[in-house]
There are 2 protein chains.
Amino acid sequence: MSEAKSRKPLADSLAVHDQVYEAIRQALITGRIAPGVGVSLRSLAAELGVSPMPVRDAVRRLVAERALAINPANKRLSVPSLTADRLDQLSQARLWIEPELAARAAPHADAALLKRLRELDAAVDDALKLGDVDAYMTANHDFHFALYERAGAEVLLAMAGGLWLQIGPFMRVVFGRVGADGLVADRHAEAMQALKAHDAEGARRAIAADLSEGMDKMRVAVEAGR
Amino acid sequence: MSEAKSRKPLADSLAVHDQVYEAIRQALITGRIAPGVGVSLRSLAAELGVSPMPVRDAVRRLVAERALAINPANKRLSVPSLTADRLDQLSQARLWIEPELAARAAPHADAALLKRLRELDAAVDDALKLGDVDAYMTANHDFHFALYERAGAEVLLAMAGGLWLQIGPFMRVVFGRVGADGLVADRHAEAMQALKAHDAEGARRAIAADLSEGMDKMRVAVEAGR
DNA sequence: CACCGCAAACTGTGATCACAATTTACAGCG
DNA sequence: CGCTGTAAATTGTGATCACAGTTTGCGGTG
């Protein structure tokens, strides 16, 4: 990471600290960094091949989003550990925000959105069949947020994004314990049907049911693994 | 800011970037930095008498919390502007989270909490009588969060904190337009009564009513000032 | 007086160094 | 073999510099 390089050739494209943020975010969501273990700025920097500076920026952001925790005593970084209490709060918050976003998106659902959702739902099914955890989580995430984006509610959308980031590690735990075929009951079709009819309350119910089932499975997995 | 200084004499106390964070946060909440205007790292640093470095950390955090916005084109910082749409989303989120926190706190309400709440409510009344905007906002904030802290729900509490930070500038607008005596109807007494009886639903209703009235006044002020 | 153009100032970003605090490793003693 | 004290390595934090892109200011030209 110490060779001479072209420094900062691009202006409009994303900055290095954003790439680092995304890299750590993905590592967190897919569970590549296990909860409870400590990380350090320099080790992350070395691993990603950048200087500690952009890592520092990215970590600051992740800490603000509660995706990383910082020990107030020795100021050392770590991945927040998974507790039933934390999961309960995250579940409840998700169960309010995400159905709300789905309901707000329903009036603006058009053919292009439904097409995209069908594609993503197919990707979800494929990943489930193959047992590909990473692919499932990515596709599932994309499905939900392709929908939520249409709500045109930037503030709520950001809150939902923060919640997914915090709940990512829990998902990995579920897969590690019950396997990918543990959560198949597909409410996505139900949601898409409601969207096609511009049925806001139907979309709200479908997403609520989808989340509720998933979170229940997570709760079982977390309590069992204690 | 360039004189020789003792550097970093304290370990357990709060770091410089945390002090800077708190300073900017207060400036934002009390409306000392008007929405829409641009700020810069170096100007903030000079104003606070520190190097740009801790300011950078604090700003990173505030941007993640959506208390500051960053123009994606020229990457310049600014305070988010107040729109009716944003207020609507923030209102809705607050109206779910904060009553929930109040309800969760009710079972754990003890004499010490009620004493503290009475003091803070008195401070709120005093500030209203004197027309002291800063004091009102501080006391009102402290009242709500002294209560919310007792819920023992760290995740939800942090979400509520983020929402107050985003809604702070709106409050200042309300005061600027309708004056401090515009929002007097005191639901705090109602809330405290419910807490004393460990009545979770009563506390939920009282806080919801308190918020609802305040947010309605803000909506009127924002729409009128457009 | 209006408009263009260029230079100076200012912006965020990243790298590098310094420093104090903590953690880790290990040699020496019991 | 176990404990302890000390030195080395590692940590987060802050300061300073370099750099490229953007904005701002101002002088000259039409």
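The values are calculated or read from the model by the stated rules, or taken from the named source; none is laboratory data. From a predicted model like this one, the values you see are computed outputs, not experimental measurements. Note: ideal-geometry Cβ built from the backbone for every residue, glycine included; neighbour counts use all protein chains shown. SASA here: full protein model, heavy atoms, side chains in, ligands and nucleic acids out. Shrake-Rupley method; radii C 1.70, N 1.55, O 1.52, S 1.80 Å.
Condition check for A:Arg104 on (1) at the interface with another protein chain (Cβ under 10 Å from one of its Cβ atoms); (2) within 16 Å of DNA strand D (Cβ to nearest atom); (3) among the basic types (Lys, Arg): one failure, at (2).
This table checks each residue for (1) more than 13 Å from DNA strand D (Cβ to nearest atom); (2) open to solvent by less than 30 Å² (accessible area, probe 1.4 Å); (3) closer than 23 Å to A:Val59 by Cα; (4) outside any loop (DSSP other than H, G, I, E, B).
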| residue | (1), (2), (3), (4) |
| --- | --- |
| B:Ile24 | yes, yes, yes, yes |
| B:Arg32 | yes, no, no, no |
| B:Ala45 | no, yes, yes, yes |
| B:Pro54 | no, yes, yes, yes |
| B:Ala58 | no, yes, yes, yes |
| B:Val63 | yes, no, yes, yes |
| B:Ala67 | yes, yes, yes, no |
| B:Pro72 | no, no, yes, no |
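Counted as qualifying within the stretch B:107-207 are the helices (runs of 4 or more DSSP H) with 2 or more residues that are within 14 Å of chain A (Cβ to nearest Cβ), open to solvent by less than 20 Å² (accessible area, probe 1.4 Å) and closer than 25 Å to B:Thr30 by Cα, namely B:154-178. Counting only residues that are more than 10 Å from chain A (Cβ to nearest Cβ) and part of a helix (DSSP H, G or I), the stretch B:74-90 holds 1 of them. Cβ separations smaller than 6 Å between residues 6+ apart or across chains give the following pairs from the stretch B:26-48 residues that are among the hydrophobic types (A, V, I, L, M, F, W, C) to residues that are part of a strand (DSSP E or B): B:Val39/B:Leu77.
Please go through the stretch B:208-226 and give me each residue that is at pLDDT 75 or above, among the charged types (D, E, K, R) and surrounded by fewer than 20 Cβ atoms within 10 Å (Cβ to Cβ), ordered by number. Passing the criteria: B:Glu213, B:Asp216, B:Lys217, B:Arg219, B:Glu223. Looking only at residues in the stretch B:23-48 that are among the polar types (S, T, N, Q) and more than 9 Å from DNA strand C (Cβ to nearest atom), the one that is nearest to the other protein chains (Cβ to nearest Cβ) is B:Gln26. Taken over the stretch A:1-22, the criterion of being away from DNA strand D (no atom under 14 Å from the Cβ), at pLDDT below 85 and acidic (Asp, Glu) is satisfied by A:Glu3 alone.
Does B:Glu100 count as out of contact with any strand residue (DSSP E or B) (no Cβ under 8 Å at 6 or more places or on another chain), within 18 Å of B:Phe145 (Cβ to Cβ) and outside the structural domain of B:Leu41 (by TED's automatic domain parsing)? So B:Glu100 fits the description; yes.
Going by the structure shown, is B:Ser81 surrounded by fewer than 15 Cβ atoms within 10 Å (Cβ to Cβ), among the small types (Gly, Ala, Ser) and in contact (Cβ under 8 Å) with a residue 12 or more places away in the chain?
Details: surrounded by fewer than 15 Cβ atoms within 10 Å (Cβ to Cβ): yes; among the small types (Gly, Ala, Ser): yes; in contact (Cβ under 8 Å) with a residue 12 or more places away in the chain: yes.
When the stated conditions are applied, B:Ser81 passes them.
Listed by first and then second residue, the pairs linking a residue in the stretch A:49-68 that is within 9 Å of another protein chain (Cβ to nearest Cβ) to a residue that is in a loop (DSSP other than H, G, I, E, B) and crowded, with 18+ Cβ neighbours inside 10 Å, with Cβ atoms under 6 Å apart and 6 or more places separating them unless they lie on different chains, are A:Leu62/A:Leu68; A:Ala64/B:Glu65.
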